[in-house]
Structures are given as C-alpha cells and as structure tokens.
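Take a look at the structure below.
The values are calculated or read from the model by the stated rules, or taken from the named source; none is laboratory data. Bear in mind that the values here come from a model prediction, so they are computed numbers and not experimental data. Here the Cβ is made from the backbone with ideal geometry for all residues, glycine too, and neighbour counts use every protein chain on show.
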Amino acid sequence: MSAIAGLIRLDGTAPDRATLQRMQAVLAPYGVDAQRQWREGPAGLLHCLLRITPEDSLDQQPRLDPERRCVVLFDGRLDNRRELAAELGLGSAELALLADVDLVQRACLRWADAAPEHLLGSFAYACWWPAQRRLELVRDAMGGRPLVWFQGHGFFAFASLPKGLFCIPGVPREICQASLAERLALLPMSGGQTLFKDIRSVERGQLLSLQGERLERRQYYRLDPRRELRLGSDDEYLEAFSEILERSVASCLRAAGPLATQLSSGFDSGTVTALAARQLARSGQRLTAFTAVPREGFDGPAPKGQHADEGPGARAVAARFANIEHVLIRANQRAPLDVLRARTEAMDCMPMYAVNCLWLDAIEADAQRRGVRVLLNANVGNMTISHTGLTYLAELFGKGRWRDWWRELTACRRRHPLARLLRLSVEPHLPLPLWRLQARLSDTQLHLEKRSALHSRWRQGTHLEARAKALDWFLERPRWKDSRQMRAAVLSRGNAAETAIAANLRGLELRDPTADRRLVEFCLSIPEDQYLRDGQTRWLLRRLVGDLLPPEVLNAQSRGYQAADWYETLGAALPDLHEEVQRLMSHAGAAEMLDLQGMRASLENWPAAGWERKAVTEEYRARLMRGLAVGGFIRYVEPDNR
Amino acid sequence: MSEPARRANALAAWQRAYAGGAGPLAASAAPERGTADAEAAWAHWHRAAAAANLDASLRPWYDALEQARVESLAAADLPGMRINLARRLERLAGADLATWLYRAARARLADPPGTPPPPPSAANGQGASALRKLAFWRRPGSAPPPAEVLQRLLVETLDAVRDCLADGRRYAEALQPLLAACACYGSAPAVALPQAVAGLAADAALPLPSASAGAELAKAVPAAEGYRVYSTAWDELLGPRELAARMPTGGWPALPPADVASRRLALRLQRRLQAARLRRWSFGEEQGLLDNRRLASAIKQGGDTRIFRREGEAPQAEACVTLLVDQSGSMRGQPALLAVQAIDLAVAALERCGVRCEVLGFATAEGPENPLRRAWEAAGRPPAPGRLNAVRHVVYKTRGQPWRQARRYLPWLLDATAGVENIDGEALAWAARRLARQPESRKVLLVIGDGAPCDAATREANGASFLDDHLRAVIAAIEAGPIHLAALGVGQNVGRFYAHSMTLRAPERIAVQLFEQLAELLDVGGERR
C-alpha cells in the first residue's frame, strides 16, 4: 500500500522541487517505509511506500523501465499475479522476484492503455510515458484505492488524497457544496466529483489519460447488473460460489505480517473470519479477531430485532478455530470528537457513519499496537455473499409468477411477519404516488432531514431533487424493482477508498474479500432463487458455511447492533458536543449549511431513556452525529478563529 | 538620583562621549537628522489603534498633538534624538493652528514644562482673522473659542496626561475636548509635520508601503506578486512597554508549572546542546592528558614531545532562534497553554546554553468590528482591496533580553484579548527580517500555529487563496535564504505550506515535538520518531 502523487508541467518546464517536497512530506505518513521521487523533464512523481505484502520488499518506486519508456507509480495490491505472469510469459521463479509494480509496468509496456483490463485487485496507478509526454491514471474496478487530480493553469497534478494537491500553489481548498449535499443524501458520486471544488477523482474502473492539455476518460469496467449466469444445478452454483469465495479470501491473505479480522455476530464477517482462519491454519498461521462490544455490565436496550452484545456470537465463531485469538474491544479511550477530527483529517472527508467510527477506530488502534498488517472486513457482504434474497418476492410478484410467489411467501411466514413480506412483494410495483402514500402511512419513508442535519434552506439551493432525478436515484426510501440493479448501485456508491487509505496511517491495510470483483460479478449474476429458497434467506451462503459457523450465528433471530452503548459514550462527552455546536454556530459556512439550532435543541433535550426507539436513534445517532461530522469537515477545510 | 537629574547626566555623558560638547553637536546636526528622528519616533511610539475611532475631521489636529507626544517620549529617553528634534523644532516654519498645536504641545510636554507660544490669534492677527472667516463659513452654528481659551485648554489637557504619555489610547481620549475646540476653526490647513504623520493622514486606500504603523511592520510586507494591504493604519507592534501597559494590576496569572516530562525533555535538550560544545580533542599538544598512541614517538631518540591531548570546545556555529507563535482565537485554550509552557521551558534551556532566542507572537488586532473592513465598505467596496484586517505583532522577548524579565509577559498569549485572526505571511516575513539581521551564522525560525492563515474579512473580499498564496510566497523566499524554517502544527497539518513541519496530534505532545524539532534544527540530533 502506498500513497502516490505527481506534478506534470504542461508548459514543459521542470516542476518545482519544493512543491514536490511538500507533497511528499504531507503524504509520507501514509507510506512510512520509503519515500522516493523521480523528476525528469516536465514530470515529477513521488511515492510513499507502506510495506504490507512480502513482495513489497522488492518495491522501488517510481519504477522506470530499463529502456526508459515509462515510469509507473502503483498503490495497492494485485490479486491475479499468477495469471498475469502467465499472460506476460513469466516463470514462477521470475515472478517471485517481482513486486506488483513490476507486473503492472510490464502490463503497461505490453498492452499500453489496455493494461487495466488485465489487472485484478485493489489498486490505483499512474503511468508516465516520457517520450510521448502522456500520463495515464487508473483505478481498479471496485475503487479500492483513491486517486484524485486537478488541472490548473499550466500544470496537471494527481495524488492519492486531496491534501497532496493542496501543497501546490494555485490549487483551491474549498468545499464543493453541491457534492457535499449529494454525499449526505447518499447519492452516487458520479462524474468524479469530490467534496472539494475543482478537484476530481478518477472513477472506479476508469482510465484517464492526459496528452498535452487534452484529457480523455475511458470506462474500462462497469458492473453489469444485466449479466446472468445459469448453471446446471444448485450444487454447481454452490461449488462455483465456494471456489470463488475461497479464492477471494486467499487473495486477501497475502501479507508480510500478522493478519486480523473484524468479527461481529453476523454472517459476513463470520464467513470471512472462518474461511481465513481455515486457510491460515494450513500454513500454521494465526488470526486475531476483533469484536466491538459494549462496556462491561451494559444492559441498555437495543432496537427491535437487534441484539446489543455481539460478543457471544463472535466468541462462538472464534471458538471453532484453534488459530483464532479473539479480542473484545469495549470502548474507545479517545473522545468522540477527537476521533471524528482524526478520521476527517486522515481521509480528507467526513466519516458518514460517525458512531461506527468510534469502535472502528478502537479496533484499528488495537491492531496497530499488535503489529497487525492486514485487517479483513466484510463491509459489502450484505450486497454480495449474504444477500437475503427477500427481494425475490418482488421479482416473482412483478413477473406474475403467482404460484412461486405464494409458495415462497408462505414459506417465509415462518420467520417474517406477513405484512412485511406483502410490502416487500407489492410495494415496488405500486404507482409512485401510491408508493409514497404507503411509505408515509407505514412510517417507512426515509427523510433526508432525519438522516442528516442539512439546513432546509441551504438544501433547497443545492437542487438535490433534480440531481437525484438525473441519476435515477431516490432521496427518500429507495424503490427498487430489480435486486441486481439495487445491489450494483449500492456497490457503485460506496466510498471505501478513503477509509482504506486512512488505515495506512496505522500501518494497516483494510481488505474486504466480499468486494472482490470476481465474487461481486458472480453474486450479481446468479438467479435470485439461489438466495431465497423455501423461506430460507441467504440460502447459498447457508449451504456453504453450514458446517463452519456455529448455530448462534446460523439460527440467530436478531442481528447485531453495533456500538450499542453509543449514547453513553456521547453522553459522557456532552459538554464537548455543546461546545462544538457553539463553535459551528460562529462559523459562517457551517451555520449556513447545517441546522445548528436543531442540533443544539437535540443536545439540550438529551433523553434519559428510550434509546432503542427509531425516532431517537434517527435524531441522535444519525442526524446529530452526521451533523457534527459534517461540521467538523467544514471547519477542517475552512478553519476559522472563533 | 531623581529622574530629571538622571536624564541630565545621561545627556551630558552622551555629549561628552560622542559629540564633544553641546555646541559642536548642535551645530553639526543636519536638518534631515531631525526629520528622520521624528519619523523614527512616530514609528516606534505611535499606535494607530489608539485613535482608531477618531472622526476623520479631527485627524489633522490629533496628528499634530500625537507627533508632539512621540517626540517628547523620544527626547526623554534618547539624548541624541532630543537634540536633533529640538533643532528641527526651531526651524519649523508655519503660523497655522496645527503647527501651533504641535509647537505648544512640544513645549508643554518638555521636561521641565515650558510655556506654550501664543496661539495664532495673538501672534498673527491676519492668520486668526482668516481662521475665523473660514470657521464662519463652514460652521455657522458653532463659534470658535477665543485663542486664550484654546491655549488654556491645551495646557490643562497636556498637564493632565503628561504622567501617562506612554499610553497612546489614554492620551487620545484625553485630547477629545481640545480636538473638538480645534475643529470649530474648520478643517486644518496643510501643516509641515513629519512625513510619518502625512502618511497616516493620507487616503487609507493607498497601497503599501505606508509608514503609518511602524517602519518594521510596513517593511514586513514583502513584494509578493498580487499581495496588497488595504491600510496599515491600525497595525500594531507591541513590545514590552505596550505589554506592560496592558498588564492588569497585579500582573497576569503566573504560568502554571510544566509537567515533569516536559521539564525532563528541556533538560535533555540542554544537555545535548552543552555536550555538542565539548566533543573535540586536539592532539599533538605539549600539555594535557597523555596520548597513548604517541608514546612510542616520545621514547625514540629526538622524538616528538607533543604527546598530549586536550579536550576543547568544538567550533560550533553560533545559533540564534526565533519562536513565532500564532495567538489567534483558534489557539485559545489548551493548545495555547501547552505552547506557552513549552516555550517557557525551551527558551530557558536555550538561554542556559548560550543560544540567543527571540519570542514573537502574531495575530490580528481586530475582530468582527474591524475598522479596515468598515473603511473599505465606506469606500464603496473597491475590488481586490488586499488584507482587510490590522495585524498585531508582539515581541515577548528580544534576543538581548533575559528570559527572567520577559517571561512575565508570556501569559498574555493565553488571554482572550491577545488576538483574533492570523495572517501568517506577514508575521513570517516580519520575524524573518528580524532574524536575518542577527550576526549568528545559524538562524532558526520555528513557527507554532494551528493551520492556514485565516481572516474572514480578507478572505471574503479577496478570495480564499489570497492569504495562502502570500504565505507560500513568503515561505519560498525564506527557505531560499539562510534561515532554517520549520513549523509545528497544533492539531492541523501545516505540511502543505512548509517543507519542514510536524503535526501535533495530541496537544500534550507539544513539548516533546518542540524539543525534538529544536534539537534537529540546531543540529544536535533529535529524538527518533
């Protein structure tokens, strides 16, 4: 894992050394093991390396090929080294002496701008062709690593994070208000827009090339939800699923140090942890599993259908594998606002799920203390391996397959309320006005005002509705008829790259096997009945891990409620929160964008009980905390002295 | 010995030593010396903010009286200036009211106080008649007071403030009745006052350089392309005298003692600095400790007798350190407290090791009620006005000053009135200019702050990057020179501006990182990070 950056002078002069030095200094904490620069002609490239894989010890970037045809900067990890080596005609002995960047460079030399199509993994890279004065910037299909760019008067610059670009005179450091509103409304960030004005991101699966002053973008990969895979039998699906999932997990275990995993009481993390432990056991390696649990003695309520303590379920998974060391993370010693500030600065954007930040930060801190190099998670598992399949009911209903629909409905009734099943089946097919009415009556409509503390007056000026319409998205509760499209959209909307690079600061790499491109393609292309069969949700995964996971996970009637004691943590920091809201009120930008009066009222009316109620969690856990996170971001970008 | 006697002795001693008696000196003093000294006095003692709220119509009268005040202060302290200014006063021509005010005030504020010359009405009937005519046409409703009344008013006013001449604000307040009486005579005619006053009275929208708020501050604004200052009229340069004036009765609260770990770090830095001076052996000496390796040559017939070695001080480059602290609002609270504690320890440690050290602070003087902004708005908000706030630069400790004397001013940095916004570029340029004048070969400038320059008014009028661009230009200029520049970002990464910077994630680490940075900059080896 690395942080990369570059500065290309479009007028042909040499880039300023001091500027490159500052860019390197700012990005160095993200790659503490080595920092190097390459300058020639109008280009200056720099690389800060964090050694994670065994091959990283061979890594020397910026990588110039012996014939000086191209220089490559690579940040990330290749998951198809062996296949790529075979395509390039390299033997295994030769492959063992090559870092990932060497393979990428050879791919660039062999296939030029078609190289990204041959690469699999989590990466972002830049390739500079000195003779042609051509620059190529690429991000992987799933957008695992970040890469942003800016084109100014007479120069073009790119970096892993916007902070690298802000070292360059002439690059503005201003919030793009439209993007901020879209991010808070959970709209997909299309067009490469970032939260900063005039700074754009290379989109996932995109190749951006610069020739002279001319920029070209080519989408070399896009998730295709229409693609279908039909196999002969259920067993064939299971076999294929098993093979792909095992391979995805195996790809994530390539590390030059200890591995760990985030383990909750759910299916996704349980599956990843179990498969990783089993694979590591074959080579005698150990795995540390971190589970965030409430404080000792906590007996507070959890929302309906959720359980507050994920410890027992996680412990049962860990107990099945002798090579797992299970660690319970009880509380973050750092103040909540300090955590938010640190995350914001590390990612150059605000954390969207502020409460989750607290326990994630505590886990990462503990992992760092233990010298862990790779921390596995299963963040997109619910869109891939553990998709429930309940949306199949809507599909059956919509296609008029009444008999099948009825059969599944009645089977599902054993575990789910009939009203919910009917709503799931019929609702997506209702005419829009009727759908809205139904959502309002059933109180299932998600209002943006309830999820974020955006000031309604400011929101009106951002034309969010029009933007959502243009993107064919929803500002309120999504209304999906097609489960594949929904999952593809959610997967395309995620912003895992910023979280991933922030972990570099702790010497960690976050890896998500459930976001492996091969696995995602497979999970999106198989029929829905593989996920829902005879009333059994997650049918495919259940069959795969039926022997691996304990009954506490397989037969759980409720799902885990992360950071169940969050309100106690925040309650202890109430004076700080009041102070922060007061500071935000004196900040012109924050006061304009956020409903600070509402946030202050929430703090003043801090409830004594009822923390499990939906209205309360929406107001405090989502709205207030997101408001504070956004406020912190505004103050980070546009600091003031009040 | 009484104060007048002490001053008389000092003057006499100065004349004996440098001028060989009063007569020759007075004869040889060139007229331009007086003008230069008047400007220097204005630059040093005048504080624009003291009369910031003064009506523009009263400004010329005030300027005349203010010039008299600053010259009186200069004459009291500096015998050479006293002679030059007296000579200039003798040669000053003009029979208008403003010139009379200046002459009368100089005479009354002298030591001992003299009798003011008669006002224009008595001295020059024609002039008085002209003044009255002017007043009649301009202010029909307010008859000007008789000249005798004006003279009496001036004497009473100046006598009331002669004991607090150093406090410009109080002086300006006390002058109000006198200025109002002068205003009854209409607007002031052109007056042959020093250049500094003329510069101040000029249109506030004029671009730099302006000589209004002290030559040093004005020069601190480098010729960075596109950088302008709307006005320097309200800029402040505060030294020990001004800090003392702001000090409440009983002084500021004492600095809380630093923790043990910080004190240990300071001690370690001190040891390192001292150790760096004693790490050199000279060999082949005729006296000293026996050098075993050369014993064989002594035994040899006619051998070398220089078989001794001696430990001496390594020829270490003399160093001079400037600590420049941001004292804007965002530093308030724990960051400022920890910064103050760390500075206290660091300066004491450096001083004990013979490293000369200066402690400076910077902020802006004005908050939301910013007079520059109001002036700009009153002028119709002309585009791209430049910096729209008054900078406040503070000298907590000069290089020659012992820390035991200066450290009592440092707690002001914790005070809510210490500053509001921060305009880093100008502060850096000012600190670098001061440092560049020092003779030491190794010059270290360490900035302690919490991020980018920030001034709401300037940002709003000039764009978000205006101050950032200027700071970059200043840093580039400093880094290209002999000064070692580094920054300590309190809570914020300042690496996008500075090539050498550290970020304090936890404020309590300020002492650790400050001492590491200092050790590194002084080339005695820092802690491993």
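Out of everything in the stretch B:49-81 that is of a type outside the set (A, V, I, L, M, F, W, C), under 18 Å from residue B:112 (Cβ atoms) and modelled with pLDDT under 85, what residue ends up being surrounded by the fewest Cβ atoms within 10 Å (Cβ to Cβ)?
Step by step, filter the stretch B:49-81, then rank; the result is B:77.
Matching residues to (1) within 14 Å of chain A (Cβ to nearest Cβ); (2) in a helix (DSSP H, G or I):
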position	(1), (2)
B:357	no, no
B:366	yes, no
B:375	no, yes
B:383	no, no
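Can you tell me which residues in the stretch A:139-170 are within 14 Å of another protein chain (Cβ to nearest Cβ), surrounded by fewer than 23 Cβ atoms within 10 Å (Cβ to Cβ) and part of a loop (DSSP other than H, G, I, E, B)?
Those that are within 14 Å of another protein chain (Cβ to nearest Cβ), surrounded by fewer than 23 Cβ atoms within 10 Å (Cβ to Cβ) and part of a loop (DSSP other than H, G, I, E, B): A:153, A:168, A:169, A:170.
Quick one: which helices (runs of 4 or more DSSP H) sit completely within the stretch A:1-108 and have at least 3 residues that are loosely packed, with under 15 Cβ neighbours inside 10 Å and without any contact (Cβ under 8 Å) to a residue 40 or more places away in the chain?
A:81-88, A:92-95
Scan the stretch B:281-303 residue by residue and report those that are among the hydrophobic types (A, V, I, L, M, F, W, C) and either assigned to a helix (DSSP H, G or I) or touching a helix residue (DSSP H, G or I) at 6+ places or on another chain (Cβ under 7 Å) (or both). Please lay out each step first, then the result.
Residues of the stretch B:281-303 among the hydrophobic types (A, V, I, L, M, F, W, C): B:281, B:283, B:289-290, B:295-296, B:298-299.
B:295, B:296, B:298, B:299, listed by residue number.
Does the stretch A:627-636 contain any residue that is in a loop (DSSP other than H, G, I, E, B), more than 14 Å from chain B (Cβ to nearest Cβ) and of a type outside the set (Lys, Arg)?
No: zero hits.
Let me spell it out: the conditions are (1) in contact with a Cys (Cβ under 7 Å, 6 or more places away or on another chain); (2) within 14 Å of chain B (Cβ to nearest Cβ), and residue A:535 meets all of them except one. Which number is the exception?
(2)
Among the listed residues A:342, A:276, which satisfies the condition of being under 30 Å from residue A:580 (Cα atoms), assigned to a helix (DSSP H, G or I) and out of contact with any His (no Cβ under 7 Å at 6 or more places or on another chain)? Break it down stepwise before answering.
Working: A:276 fails: under 30 Å from residue A:580 (Cα atoms).
Selected residue: A:342, the only one of A:342, A:276 that is under 30 Å from residue A:580 (Cα atoms), assigned to a helix (DSSP H, G or I) and out of contact with any His (no Cβ under 7 Å at 6 or more places or on another chain).
Are any residues in the stretch B:410-423 farther than 24 Å from residue B:519 by Cβ, of a type in the set (A, V, I, L, M) and more than 14 Å from chain A (Cβ to nearest Cβ), and if so, which ones?
Within the stretch B:410-423, B:414 is the sole residue that qualifies.
Might you check whether a residue that is under 24 Å from the mean Cα position of the chain (by Cα) and within 14 Å of chain B (Cβ to nearest Cβ) occurs anywhere in the stretch A:324-334?
yes
In the list B:475, B:510, which residue meets the criterion of being buried (at least 23 other Cβ atoms within 10 Å of the Cβ) and within 14 Å of chain A (Cβ to nearest Cβ)?
Exactly one of B:475, B:510 is buried (at least 23 other Cβ atoms within 10 Å of the Cβ) and within 14 Å of chain A (Cβ to nearest Cβ), namely B:475.
Could you check the stretch B:390-409 and list, in sequence order, the residues that are within 18 Å of residue B:246 (Cα to Cα) and part of a helix (DSSP H, G or I)?
Within the stretch B:390-409, B:405, B:406, B:407, B:408, B:409 meet the criteria.
Looking at the stretch B:435-455 only, could you name the residues that are touching an Asp or Glu at 6+ places or on another chain (Cβ under 7 Å) and either buried (at least 21 other Cβ atoms within 10 Å of the Cβ) or modelled with pLDDT of 90 or more (or both)?
Within the stretch B:435-455, B:448, B:449, B:450, B:452, B:453, B:454, B:455 qualify.
Find the residue count for the stretch B:25-47, including only residues that are touching a helix residue (DSSP H, G or I) at 6+ places or on another chain (Cβ under 7 Å) and modelled with pLDDT of 70 or more.
Filtering the stretch B:25-47 for residues touching a helix residue (DSSP H, G or I) at 6+ places or on another chain (Cβ under 7 Å) gives B:25-26, B:29, B:31, B:33-35, B:37-39, B:41-43, B:45-47.
Imposing the further condition that a residue be modelled with pLDDT of 70 or more reduces the set to B:33-35, B:37-39, B:41-43, B:45-47.
The qualifying residues number 12.
Which residue is surrounded by the fewest Cβ atoms within 10 Å (Cβ to Cβ), if the candidates are limited to the stretch B:395-433 and must be aromatic (Phe, Trp, Tyr) and out of contact with any His (no Cβ under 8 Å at 6 or more places or on another chain)?
B:403
Residues are listed down the side, and each one gets a yes or a no for (1) on the phi > 0 side of the Ramachandran plot; (2) touching a Lys or Arg at 6+ places or on another chain (Cβ under 9 Å); (3) away from chain B (no Cβ under 14 Å):
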{"residue": "A:176", "(1), (2), (3)": "no, yes, no"}
{"residue": "A:182", "(1), (2), (3)": "no, yes, yes"}
{"residue": "A:188", "(1), (2), (3)": "no, yes, yes"}
{"residue": "A:191", "(1), (2), (3)": "yes, yes, yes"}
{"residue": "A:201", "(1), (2), (3)": "no, yes, yes"}
{"residue": "A:205", "(1), (2), (3)": "yes, yes, yes"}
{"residue": "A:231", "(1), (2), (3)": "no, no, yes"}
{"residue": "A:240", "(1), (2), (3)": "no, no, yes"}
{"residue": "A:261", "(1), (2), (3)": "no, no, yes"}
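Within the stretch A:279-315, track down each residue that is touching a helix residue (DSSP H, G or I) at 6+ places or on another chain (Cβ under 8 Å) and of a type in the set (Gly, Ala, Ser).
A:289, A:292, A:300, A:313, A:314
Quick one: how many residues across the stretch A:592-626 are part of a loop (DSSP other than H, G, I, E, B) and either within 14 Å of chain B (Cβ to nearest Cβ) or of a type in the set (Lys, Arg) (or both)?
1
For the structure I just gave you, tell me whether residue B:384 is surrounded by fewer than 18 Cβ atoms within 10 Å (Cβ to Cβ) and either in contact with a Lys or Arg (Cβ under 8 Å, 6 or more places away or on another chain) or under 25 Å from residue B:331 (Cα atoms) (or both).
Yes.
Does the stretch B:347-354 contain any residue that is within 14 Å of another protein chain (Cβ to nearest Cβ), under 22 Å from residue B:450 (Cα atoms) and at pLDDT below 90?
No, every residue in the stretch B:347-354 fails to be within 14 Å of another protein chain (Cβ to nearest Cβ), under 22 Å from residue B:450 (Cα atoms) and at pLDDT below 90.
Sort out which residues of the stretch A:171-215 are buried (at least 19 other Cβ atoms within 10 Å of the Cβ), in a strand (DSSP E or B) and under 17 Å from the mean Cα position of the chain (by Cα), and write them in order of number.
A:201
How many residues are within 19 Å of residue A:280 (Cβ to Cβ) and part of a loop (DSSP other than H, G, I, E, B) when one looks only at the stretch A:293-324?
4
What are the residues in the stretch B:323-335 that are under 22 Å from the mean Cα position of the chain (by Cα) and surrounded by 24 or more Cβ atoms within 10 Å (Cβ to Cβ), if any?
Within the stretch B:323-335, B:323, B:324, B:325, B:326, B:327, B:328, B:331 meet the criteria.
Run down B:480, B:487, B:499 and say which single residue is in contact with an Asp or Glu (Cβ under 7 Å, 6 or more places away or on another chain), within 14 Å of chain A (Cβ to nearest Cβ) and on the phi < 0 side of the Ramachandran plot.
Values: B:480 fails: in contact with an Asp or Glu (Cβ under 7 Å, 6 or more places away or on another chain); B:487 fails: in contact with an Asp or Glu (Cβ under 7 Å, 6 or more places away or on another chain).
Sole residue among the options that is in contact with an Asp or Glu (Cβ under 7 Å, 6 or more places away or on another chain), within 14 Å of chain A (Cβ to nearest Cβ) and on the phi < 0 side of the Ramachandran plot: B:499.
Looking at (1) out of contact with any Gly (no Cβ under 7 Å at 6 or more places or on another chain); (2) in a loop (DSSP other than H, G, I, E, B), which one does residue A:221 not meet, given that it meets all the others?
The single condition residue A:221 does not satisfy is (1).
How about the stretch B:424-459: which of its residues are within 14 Å of chain A (Cβ to nearest Cβ) and either free of Cβ contacts under 8 Å to residues at least 12 places away in the same chain or touching a Lys or Arg at 6+ places or on another chain (Cβ under 6 Å) (or both)?
Answer for the stretch B:424-459, where residues must be within 14 Å of chain A (Cβ to nearest Cβ) and either free of Cβ contacts under 8 Å to residues at least 12 places away in the same chain or touching a Lys or Arg at 6+ places or on another chain (Cβ under 6 Å) (or both): B:457, B:458, B:459.
Within the stretch A:605-627, count every residue that is touching a helix residue (DSSP H, G or I) at 6+ places or on another chain (Cβ under 9 Å) and either modelled with pLDDT of 95 or more or among the basic types (Lys, Arg) (or both).
Within the stretch A:605-627, residues that are touching a helix residue (DSSP H, G or I) at 6+ places or on another chain (Cβ under 9 Å) and either modelled with pLDDT of 95 or more or among the basic types (Lys, Arg) (or both) number 3.
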